[in-house]
Structure formats: structure tokens, C-alpha cells
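The values are calculated or read from the model by the stated rules, or taken from the named source; none is laboratory data. In this text, all values refer to a predicted model and were calculated from it rather than measured experimentally. Here the Cβ positions follow ideal geometry from the backbone for every residue, glycine too, while neighbour counts run over all protein chains shown.
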Amino acid sequence: MKFFLLTVILFILACTQSDDGPISIYPDEMAGEYSGFVLKAELDSGSSIHLRSESLQVTLDSIWTLSNCFLDKLFLEERIEDTILYLEPKVEFSLTSEDCASPLFFPETLIYMPPSESWAKARSIVVLDSKGEAEDSVVLRSGEFIRDSLKIYLDSNFANPYLLPRRTKGTPSVLKTLDSLEERVFYYRLMPSNCGYIIDSCETILDTIYPAQWSLRDTNLVPIRKTCKDSTMRYCLQRDWVDDSLGVGKLKENLDTLWFSSWYLVEKFPEGGMANRQSYSSPIIKRSFQAEIEYFKPETKDDFISSENSDLWILNLATDSWIPLEDDLEELFNEASIGLDSI
């Protein structure tokens with residue numbers, strides 16, 4: 001027993017030093033400077049056009065730094081080629097054999113870039129990943145954004161296809177055009193329908209009730225009802241009509257026409273500018289059209305987005321896309337009858 005205790009004491013004395021501490025995770029030969037990488041990057045300008053006077057947000061994701069404990073620098077390196085400003089993320093960290101507390105690793109970060117002198121020469125910004133591949137881009141211009149809210153009232157004649165094309169006054173203006181027609185034939189038979197309970201007495205006339213919806217795959221039965229000549233009086237309650245299936249008449253045809261039309265918003269942009277974003281209500285189901293549009297107004301001709309000769313633009317409300325006024329639509333716009341209601 002004494003021999004065993006003596007052996008343990010000698011072992012402890014042999015392993016104990018005055019500078020003992022935590023065991024190093026990395027050996028001394030691994031000390032030095034290293035580089036990490038970024039696999040995803042996004043320009044968060046909130047717009048398809050970024051103003052040179054505003055800071056730009058860059059979101060970096062899937063960042064590898066080994067550990068935040070050793071992270072030294074995380075920045076965006078700038079370089080210009082022609083008129084394109086490239087942003088390349090750089091991740092630098094120093095690895096030492098000294099122990100340190102390693103915090104939780106967050107693979108995503110947001111960097112705010114203030115305007116710099118290099119922006120004056122660039123017309124677009126492209127952010128790369130650590131492999132040198134483009135991840136996102138934005139147009140860079142000098143100018144301002146102008147927001148406009150409008151409400152256009154549509155008179156009832158917009159629902160009449162025989163009066164198309166039709167538009168509202170001035171600009172902005174709503175234009176509705178007739179695109180095409182399609183004829184359909186519905187087949188039906190008349191079936192007598194008698195009142196099972198009369199709630200009032202009056203001189204009656206025959207009335208044929210056509211259904212609101214038709215079946216193209218089957219023959220439709222259309223009831224013939226007796227109604228009062230005086231429209232203020234009722235001959236029968238809705239639930240008391242009795243159909244007579246034994247008195248079905250001959251097969252008849254009913255012609256119907258489908259009208260296909262399109263809606264457009266015609267607007268005048270600032271010279272060389274364009275619409276940056278828009279939101280609007282559908283004019284198809286309402287008597288009015290509401291929209292909120294944000295335009296980009298360039299500062300100089302060097303900041304033009306659209307052609308110098310562009311004037312009127314149209315927003316196709318079906319595709320939500322702006323295009324310059326084309327020749328055929330311009331002709332329809334000029335010949336369209338003007339609505340009675342105004343902005």
C-alpha cells in the first residue's frame with residue numbers, strides 16, 4: 001500500500017508545472033493568417049434602381065470562418081470594370097494556439113455600404129461570392145423617386161363592348177380595348193312550369209326564364225312561367241313552381257357571344273425615367289381604378305434608364321408589365337371614345 005501511494009505522488013509531481021492551464025486545441029505550427037469564404041450574397045436595396053446618394057445593404061450568407069473566435073476581418077472588396085462595380089466578399093481570420101472562448105457561429109450577416117467615390121463612375125453594382133460568381137446586381141443611378149397616387153372613375157359605358165375602345169380623359173388614362181369575339185351555340189328545350197300555390201290573382205302572361213349558367217355538354221331545360229302583367233304583383237312564390245316534364249318542347253338553339261377585352265393604364269413618365277414599382281386595383285369588377293406608382297426621375301442624361309424619346313408608357317394590367325406605347329395601341333388610344341367621368 002505504501003509503495004502504491006509513493007508511486008502516485010511521484011507521478012503527480014512529474015506532470016505538474018507552474019504554468020499549467022487548458023490544453024491547446026491547435027498546435028503551434030498552425031498559427032498564421034487564413035481566409036474563409038462566402039457562398040451566397042444579396043443586394044438588399046429594396047428597388048431595381050439604387051440611388052448613388054443612399055447606402056446599400058449587402059446580405060452575406062453561408063459564411064465559413066472556422067470560428068468567430070478567430071475572425072479578424074469581414075469586408076467587401078471593390079473593383080470597377082468599365083461601368084460595373086464588383087463587390088467581392090473577403091473573410092480573414094487568424095489562427096493561434098492560444099485558447100479563447102468560441103461564441104456561437106452565425107452564418108448570415110448584414111453589411112451597410114455608404115456611398116463612395118467609386119460609385120460616381122459606375123452604372124451598376126454586382127456582388128460576387130468567394131468563387132467569383134455573380135450572385136445579385138442592381139442598377140446604379142443619380143436622381144430621385146417620385147410617388148403618385150391616383151383614382152380614375154370609369155363610367156358605365158366601359159361595360160358595353162360595342163363602345164370599345166374606350167378611355168378616360170387625359171393622362172394617366174385607363175384604356176379598354178376589344179381583342180376578339182367568340183360565338184357559341186346553346187341547345188335547350190322549353191318545359192312548362194305551373195304555379196302550385198297562387199298568392200294573388202292577376203291577369204297573367206307567359207315568361208321564359210333562361211338560366212344564368214349553361215352546360216355545353218348537355219341539353220338544357222328552360223321553364224316557361226306565367227307572370228303578372230303588373231310587375232309589382234307576384235303570381236307565385238319561388239318555391240311553389242311545379243315543372244311539367246311531360247310537356248317538354250322541341251330542341252331549340254340560342255346564340256351567345258363571348259367578348260375578350262384588355263385593360264391598360266396609359267401614363268406619362270419623366271424624360272428618361274421609368275416606373276420603379278406599382279400597386280393597383282382591378283378595374284374589371286369596380287367602377288373606379290386606383291393605383292400607387294413610384295417613378296424614377298433621372299438627374300442628368302447620363303442617368304437615363306429609358307429612351308430619350310419615350311413619352312407615354314402603358315401598363316398591361318393582365319401581365320403587370322410596362323412597355324412604351326406601341327403603334328397599334330397608340331392608334332387605339334387616339335381613336336378611343338372618351339369616358340364621361342374624369343379623374
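Here are some notes:
- Pairs, first surrounded by 12 or more Cβ atoms within 10 Å (Cβ to Cβ) in the stretch 115-126, second among the aromatic types (Phe, Trp, Tyr) and assigned to a loop (DSSP other than H, G, I, E, B), C-beta under 6 Å, six or more apart: none
Quick grid of which residues meet (1) modelled with pLDDT of 85 or more; (2) surrounded by 11 or more Cβ atoms within 10 Å (Cβ to Cβ); (3) under 25 Å from the mean Cα position of the chain (by Cα); (4) not assigned by TED's automatic domain parsing to the domain that holds TRP241:
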residue	(1), (2), (3), (4)
GLY170	no, yes, no, yes
MET191	yes, yes, no, no
GLY196	no, yes, no, no
SER201	no, no, no, no
ILE205	no, yes, no, no
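- Strands (runs of 3 or more DSSP E) contained in the stretch 117-198 and holding at least 1 residues in contact with a strand residue (DSSP E or B) (Cβ under 8 Å, 6 or more places away or on another chain), hydroxyl-bearing (Ser, Thr, Tyr) and over 30 Å from SER62 (Cβ atoms): 143-153, 173-195
- Residue match in the stretch 297-319 (condition: at pLDDT 80 or above, basic (Lys, Arg), surrounded by fewer than 12 Cβ atoms within 10 Å (Cβ to Cβ) and not in a loop (DSSP other than H, G, I, E, B)): yes
- Residue list for the stretch 318-335, filter: aliphatic (A, V, I, L, M) and within 17 Å of LEU164 (Cα to Cα): LEU329, LEU332
- Verdict on LEU251 being at pLDDT 85 or above and of a type in the set (A, V, I, L, M): yes
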